[in-house]
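Everything on this sheet refers to the single structure shown next.
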Amino acid sequence: MPEARSALFVRIPAAQARQLDSRAHALGRTKQDLVADLLATSLSPAVASHADQSTGGAPDDVLTLDELAGLLKLDADAVMVRVDAGELPGRRFGDQWRFSRRAVLAWLDGSDMPGRALAGFGPAARTHAEDGKRGR
């Protein structure tokens, strides 16, 4: 039998509401489930103690490939297809990958700036001027 649920009515900034809608749609999940997961994660004792000891950032600001696959609810191989294509922002350290949670979530909800990678993440966009210099 599913766990009983209670209604929660909150007002959040419109931009965050749009992000929640977008993320729920992209993940194929309900907003209700996403909020429940966020609350479960942020209210757990382990997360609370980690957040208290950190510099104010969200827990797990840097993710491994397996952690990212779990976040996206995808197989790690499916995630690597996007990483190899340069679509998902990540950084390679030897044979391991690390991902900024913030950059990945911005990519997921489409709020990242198209054509512009965050410093150190993803492939660098080349300009036409750079292409001309290489041809000389």
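The values are calculated or read from the model by the stated rules, or taken from the named source; none is laboratory data. These numbers come from a predicted model, not from an experiment. Cβ placement follows ideal geometry from the backbone for every residue including glycine, while neighbour counts extend to all protein chains displayed.
Within region 93-104, track down each residue that is surrounded by fewer than 17 Cβ atoms within 10 Å (Cβ to Cβ) and touching a helix residue (DSSP H, G or I) at 6+ places or on another chain (Cβ under 9 Å).
96, 98
Pick from region 48-92 the residues that are modelled with pLDDT under 60 and in contact with a helix residue (DSSP H, G or I) (Cβ under 7 Å, 6 or more places away or on another chain): which of them is surrounded by the most Cβ atoms within 10 Å (Cβ to Cβ)?
Residue satisfying both the conditions and the ranking: 59.
Looking at (1) modelled with pLDDT of 85 or more; (2) surrounded by 10 or more Cβ atoms within 10 Å (Cβ to Cβ), which one does residue 34 not meet, given that it meets all the others?
Unmet condition: (1).
Residue by residue through region 57-108, note down the ones that are in contact with a Ser or Thr (Cβ under 7 Å, 6 or more places away or on another chain) and among the β-branched types (Val, Ile, Thr).
Passing the criteria: only 62.
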